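See below for the structure under consideration.
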Amino acid sequence: MAGPRDNPFKAISGVTPCPGGWLVLPARLAGITTVAEEAFVLKSLMEVLDYRPKFDFAAINIPFGYPEHPQGQYRQCDTEAREMIGWPRRVGLRPVPSRPALFARSRKEAVQLEPWLTKNDFRHFRWMKEAATEIQPFHSRSVYSGNAALSFQHLNGDEPLTTSPYHEDGRIERLELIRAKLPGVDDVVERVPPNGAGQVHMYEAAAMLWTARRASGRAISRLPMDPEWDEGGIRIELVR
């Protein structure tokens, strides 16, 4: 009887937060060929992590590892990534709150801990809370924290993108990169997004799929190079 190790392909996925929960762009990887499948939305990160058949490698567009004490807007990996991406695309790397602020009982209490927090930052708390709760140390063998802006820069030959993903020229630039580096995936990305997601989320998921593919070949680059862990044993890093 054939088992999982007899599969001729690896199951990989790119995942990004979206209004409906989490957009998942799955694909089968056989050698260097990536065959993308229909994207779908799952309501919770737990459903992504427990999805069956299990993904061999997944890259998720969300931070893993949250400081136990307030220490500023950016972790070391975020600072290095922002310097690498440069202006103006570094705005795609959002500030990361400490765990006490993330799970504060009110916005007022969170702002007392992290005075830099804005209304836009609070909008992303719902997904960060899931990551802070659901990601466990054993996930590090197959699930990686990435950032779409960081992955798109890698897709672009490490040259910073100057366009916004929310503008037409930015969408075209990103689609061309996906078409060049992940041929065939662009066809899936151009389809009507599933309920709960928008076109920009499809591009972000494709960027994460590129990173998941690199992870499957043990070719990822880690920021920072010297590993850091939070008190729960979660590696504090971004990969690309």
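Values in this text are rule-based calculations from the coordinates and carry no lab data. What you see is a predicted model; the values in this text were computed from it and never measured. Here Cβ is always computed from backbone atoms with ideal geometry, including for glycine, and neighbour counts include all displayed protein chains.
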Aspartates and glutamates with Cα under 12 Å of K43, excluding same-chain neighbours fewer than 8 positions away:
E130
In straight Cα distance, which lysines are under 25 Å from K181, not counting same-chain residues fewer than 8 positions off?
K10, K54
Towards the positive end of the charge dipole of the chain, with charges on Cβ (+1 Lys, Arg; -1 Asp, Glu), say which of A219, L155, H201 has the farthest Cα.
H201
Run down the lysines and flag those whose C-alpha is under 21 Å from the C-alpha of K108, throwing out any fewer than 8 positions away in its chain.
K119, K129
Which whole-angstrom value gives the distance between the alpha carbon centres of segment 54-105 and segment 129-207?
16
Helix 199-216 axis, angle to the chain major axis (alpha carbon atoms, nearest 10°):
80
Where nothing but the Cβ of Lys and Arg (+1) and of Asp and Glu (-1) is charged, how large is the charge dipole of the chain around its Cα centre, in debye to the nearest 20?
320
Principal-axis tilt of helix 125-134 within the chain, Cα atoms, nearest 10 degrees
70
Enumerate the calculated ³J(HN,Hα) couplings along segment 98-115 in order (Karplus 6.51 cos²θ - 1.76 cosθ + 1.60, θ = phi - 60°), each rounded to whole Hz, writing x wherever the residue is Gly or Pro.
6, 4, x, 6, 4, 10, 4, 6, 8, 5, 4, 5, 5, 5, 5, 7, 10, x
Per DSSP helix of 4 or more residues, -39500 (n - 2.57); summed, then divided by the residues of the chain. What does that give at 222 nm, rounded to the nearest 500?
-10000 deg cm²/dmol
